[in-house]
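Student: Have a look at this one before I ask anything.
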């Protein structure tokens, strides 16, 4: 299988965690398309437990930057999307968290396909309650990740994965 | 933005949970491509905590069918992929579960792009330990989901999602 024949596989294999961005703003149209792609993830009972907070305001970014060791990424990304689990929509926290992982992967692939760069930030969860307070959101929203978005400053990143044979534990 | 111009968005929006399959076998080449796509999900510290058990044997499928109310899907799918979290590779169970959600979403999108149908089965987690026993796997592997795969018997499924405006809880 040549992934170059298949644009979906090509995106899955070529997507990188992009942490440096140009100054070019992310158009609203592209941002909303990324969120819409996230919203089309599957979820148990189609409960769609994901919620999004969009941050472009530099002063809010600065406050969030103080809550993570990845302050530079948070400050330099043109847009941040804080992704929350809505506890009122939740039916099974474990499955909902998996579903939100699927939602974020859709966002990352959509961003890549639209020529944007994005990175999934999880370390900031150590301050999940403070993030919610900075954004003045209700306690029923539990932070799952922050996705930083911008136009890529470089396109030469490489990455690696284990061989498939190391991941297959059984075949019957 | 017309998703028809963008094959990645098109796949994200057109993918459906496929629960009925033809008798046509899933070629190994396609199956391994689906797993490889899963393995290219992002994970915290690139720890790649996902592991895969492949089930084609009808007698094993029958045993697994007895562990879920979705017995018919489990029996009729040409291949099942049980996806596990490898506790030895885990660094943060919450983030690892999200990462495995991203892995499964890659698998579902890859399957769609390869002309296959797939569905993410979570209800069987109520019997996660029994699934591991049927597959004779070590207790360090924790079942996250079963993905059923086959050639689609129908292509007319529709689905729906909330409007984006309902999902955006803040914009600043």
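Student: Applying the selection to region A:31-46, what residues are under 15 Å from residue B:122 (Cα atoms), part of a helix (DSSP H, G or I) and either at the interface with another protein chain (Cβ under 8 Å from one of its Cβ atoms) or at pLDDT 95 or above (or both)?
Tutor: A:44, A:46 - these are the residues of region A:31-46 that are under 15 Å from residue B:122 (Cα atoms), part of a helix (DSSP H, G or I) and either at the interface with another protein chain (Cβ under 8 Å from one of its Cβ atoms) or at pLDDT 95 or above (or both).
Student: Now for a separate question. Against the condition exposed (fewer than 15 other Cβ atoms within 10 Å of the Cβ) and either more than 8 Å from every other protein chain (Cβ to nearest Cβ) or under 25 Å from residue A:144 (Cα atoms) (or both), how does residue B:72 come out, does it pass?
Tutor: Against the criterion (exposed (fewer than 15 other Cβ atoms within 10 Å of the Cβ) and either more than 8 Å from every other protein chain (Cβ to nearest Cβ) or under 25 Å from residue A:144 (Cα atoms) (or both)), residue B:72 qualifies.
Student: Inspect region A:153-164 for any residue being in a strand (DSSP E or B) and either farther than 30 Å from residue B:135 by Cα or more than 13 Å from the chain's Cα centre (by Cα) (or both) and give the result as yes or no.
Tutor: no
Student: A follow-up question, please. Can you tell me which of (1) buried (at least 18 other Cβ atoms within 10 Å of the Cβ); (2) touching a helix residue (DSSP H, G or I) at 6+ places or on another chain (Cβ under 8 Å); (3) over 18 Å from residue A:12 (Cβ atoms) is the one residue A:172 doesn't meet?
Tutor: The single condition residue A:172 does not satisfy is (1).
Student: Take residue B:77 and decide whether it is at the interface with another protein chain (Cβ under 8 Å from one of its Cβ atoms), touching a strand residue (DSSP E or B) at 6+ places or on another chain (Cβ under 7 Å), more than 29 Å from residue A:89 (Cα to Cα) and surrounded by 22 or more Cβ atoms within 10 Å (Cβ to Cβ).
Tutor: no
Student: Right, here's the next one. Would region B:92-111 turn up any residue that is surrounded by fewer than 21 Cβ atoms within 10 Å (Cβ to Cβ), facing another protein chain (nearest Cβ under 10 Å) and not in a loop (DSSP other than H, G, I, E, B)?
Tutor: yes
Student: For region A:9-30, how many residues are outside any loop (DSSP other than H, G, I, E, B), in contact (Cβ under 8 Å) with a residue 24 or more places away in the chain and in contact with a helix residue (DSSP H, G or I) (Cβ under 6 Å, 6 or more places away or on another chain)?
Tutor: Here the count works out to 3.
Student: Let me ask something additional. May I ask you to verify whether residue B:19 is at the interface with chain A (Cβ under 9 Å from one of its Cβ atoms) and touching a strand residue (DSSP E or B) at 6+ places or on another chain (Cβ under 7 Å)?
Tutor: no
Student: Continuing with this model, one more query. Could you tell me which numbered condition residue B:64 fails, if it satisfies all but one of (1) more than 17 Å from residue A:102 (Cβ to Cβ); (2) in a loop (DSSP other than H, G, I, E, B)?
Tutor: (2)
Student: Same structure again: Examine region B:135-143 for a residue that is farther than 25 Å from residue A:35 by Cα, more than 9 Å from chain A (Cβ to nearest Cβ) and touching a helix residue (DSSP H, G or I) at 6+ places or on another chain (Cβ under 6 Å), and state whether such a residue exists.
Tutor: yes
Student: Does any residue of region A:153-169 turn out to be at pLDDT 95 or above, in contact with a strand residue (DSSP E or B) (Cβ under 8 Å, 6 or more places away or on another chain) and more than 9 Å from every other protein chain (Cβ to nearest Cβ)?
Tutor: The answer is no; no qualifying residue exists.
Student: Also, quick follow-up: Please work out if residue B:127 is assigned to a helix (DSSP H, G or I) and under 30 Å from residue A:131 (Cα atoms).
Tutor: Against the criterion (assigned to a helix (DSSP H, G or I) and under 30 Å from residue A:131 (Cα atoms)), residue B:127 does not qualify.
Student: Exactly one of these conditions fails for residue B:14: (1) more than 10 Å from chain A (Cβ to nearest Cβ); (2) surrounded by fewer than 22 Cβ atoms within 10 Å (Cβ to Cβ). Give me its number.
Tutor: Exception for residue B:14: condition (1).
Student: So, one more: In region A:80-91, how many residues are more than 9 Å from chain B (Cβ to nearest Cβ), modelled with pLDDT of 95 or more and touching a helix residue (DSSP H, G or I) at 6+ places or on another chain (Cβ under 9 Å)?
Tutor: Total meeting the criteria: 7.
Student: Quick one: residue A:122 ticks every box in (1) crowded, with 16+ Cβ neighbours inside 10 Å; (2) more than 7 Å from chain B (Cβ to nearest Cβ) except a single one, so which number is it?
Tutor: (2)
The values are calculated or read from the model by the stated rules, or taken from the named source; none is laboratory data. Note that the structure is predicted; figures quoted are calculated from it, not measured. Every residue, glycine as well, gets a Cβ built from its backbone with ideal geometry; the counts of neighbours run over all protein chains shown.
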